[in-house]
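The values are calculated or read from the model by the stated rules, or taken from the named source; none is laboratory data. Since this is a predicted model, take the numbers as computed values, not measurements. We place every Cβ from the backbone using ideal geometry, glycine too, and count neighbours over all the protein chains shown. All accessible areas refer to the heavy atoms of the entire protein, side chains included, with ligands and DNA or RNA removed. Shrake-Rupley method; radii C 1.70, N 1.55, O 1.52, S 1.80 Å.
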Amino acid sequence: MMTKLYKAVLLAGVMAGSTSVAQAADIEYFVGGAAGYQTDTIKGDIKKDTEDMSWQLRAGVLINEQHRVTGTFGYMEDKFSVAGSDYKQEQYSWLVSYDYLIPMHKDANFFVGVVAGANDNKVAGRASTDFVYGGQVGLQYKWNEHFSSDLGYRYLEQDYSENGIDIENSQQVYLTLDYKF
């Protein structure tokens, strides 16, 4: 069974090795934002799947039109009640992802990728920052030379565990709007 550290080192190696093709490559930069729907699986003293809108800012590089490395900052908040008690979950995400883009049409790509980073979760006043990792898939549509959008699904495994409350994973469906320089 792989340890978390081994998984992190392996994922970092894959992402770093994937970007080594950047030497003598066509590199384009982009920035953008996203809105989406997120659900988190919470177990332990509170058994509830939280759900709400997630908001993201992103920036990255596109290498040879088929490799994409993206840094993403995200925020999600959900207020809910369980057994007459009110709770609030806040989640801040700092993620780095690598996607391989597969051309489907002159303006559309399918993408599949890996993602890793940290989630800072606060549930019922108990905060913890934990390593997260997972994958994402989706479709990218190029509106014109500068603008594109992704419709994607992201799964993140996480290990938040504070005072009997566990967050096992986050799942997101999101829509982006990116500007390529």
Label-point separation, Tyr75 to Tyr92 (7 Å along Cα→Cβ), nm: 0.9
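Relative to the Cα centre, what is the charge dipole magnitude of the stretch 130-181, using +1 at the beta carbon of each Lys and Arg, -1 at the beta carbon of each Asp and Glu, and rounding to the nearest 20 debye?
Values: 3 positive and 9 negative charges, 93 e Å.
Using only the charged Cβ atoms, the result is roughly 440 debye.
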Contour minus Cα-Cα distance for Val173 and Asp130 (0.36 nm per residue): 13.3 nm
Long-range HN-HN contacts of Ala124 with modeled amide H, under 5 Å: Lys88
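So which chymotrypsin sites (Phe, Trp or Tyr not before Pro) in the stretch 114-167 are both in a DSSP loop and have at most 13 other Cβ atoms within 10 Å of their Cβ?
Passing both the DSSP loop test and the Cβ count: Trp143.
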Backbone HN-Hα couplings from phi across the stretch 135-150 [Karplus 6.51/-1.76/1.60, Hz, Gly and Pro as x]: x, 8, 9, x, 10, 10, 10, 8, 6, 7, 4, 10, 10, 8, 9, 10
Relative contact order of the stretch 27-181, defined on C-alpha pairs under 8 angstrom at six or more residues apart (%): 24
Per-q log10 I(q)/I(0), the stretch 53-111, q = 0.12, 0.16 Å⁻¹ (Debye; single scatterer per alpha-carbon; no solvent): -0.48, -0.66
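With all protein chains present and a 1.4 Å probe, how do Val82, Val132 order by accessible area, largest first?
Details: Val82 40, Val132 0 Å².
Ranked from most to least accessible, the order is Val82, Val132.
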Label-reachable residues, the stretch 97-122, where backbone N falls under 12 Å from a point 7 Å from Tyr141's Cα toward its Cβ: 107-109
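Share of the chain's accessible area from carbon and sulfur, percent, 1.4 Å?
Numbers: 5690 of 9400 Å².
C and S atoms contribute 61 percent here.
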Helix-only mean residue ellipticity at 222 nm for the chain, each DSSP H run of n ≥ 4 adding -39500 (n - 2.57), per residue, nearest 500: -3000 deg cm²/dmol
Under 18 Å between alpha carbons - lysine pairs in the chain that sit 8 or more apart or on different chains: 15
Global size of the chain as Cα Rg and Dmax, reported in angstrom: 17.4, 61
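Ordering Arg126, Arg58 by how much accessible area each has at a 1.4 Å probe, largest first, what is the list? Each step should come with its number before you reach the end.
Working: Arg126 80, Arg58 15 Å².
Per-residue accessible area, sorted high to low, gives Arg126, Arg58.
Return one whole number: the accessible area per residue of the chain in Å², for a 1.4 Å probe. Write down the numbers at each step before the final one.
Numbers: 9400 Å² over 181 residues.
Spelled out: the 1.4 Å probe surface of the chain, per residue, equals 52 Å².
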Spin-label zone in the stretch 49-78 - amide nitrogen under 17 Å from a point set 7 Å from the Cα of Ala25 along the C-beta vector: 59-71
Using θ = phi - 60° and Karplus 6.51 cos²θ - 1.76 cosθ + 1.60, couplings along the stretch 43-51 (whole Hz; Gly, Pro as x): 10, x, 4, 10, 10, 7, 8, 7, 7
Distant-in-sequence amide H partners of Ile46 (H built 1.01 Å from N, under 5 Å): Asp166
For the chain, with +1 on Lys and Arg beta carbons and -1 on Asp and Glu, the positive-most of Gly44, Val173, Val132 along the dipole: Val132
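Please work out whether the stretch 73-169 counts as rounded, prolate or oblate from its C-alpha gyration tensor, where a ≥ b ≥ c are the square roots of the eigenvalues and a/c under 1.5 means rounded, while otherwise a/b larger than b/c means prolate and anything else oblate? Can you show the working numbers first?
Values: a/c = 3.17, a/b = 2.34, b/c = 1.35.
Cα axes put the stretch 73-169 in the prolate bin.
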Solvent-accessible ranking of His105, His67, His146, largest area first, probe 1.4 Å: His105, His146, His67
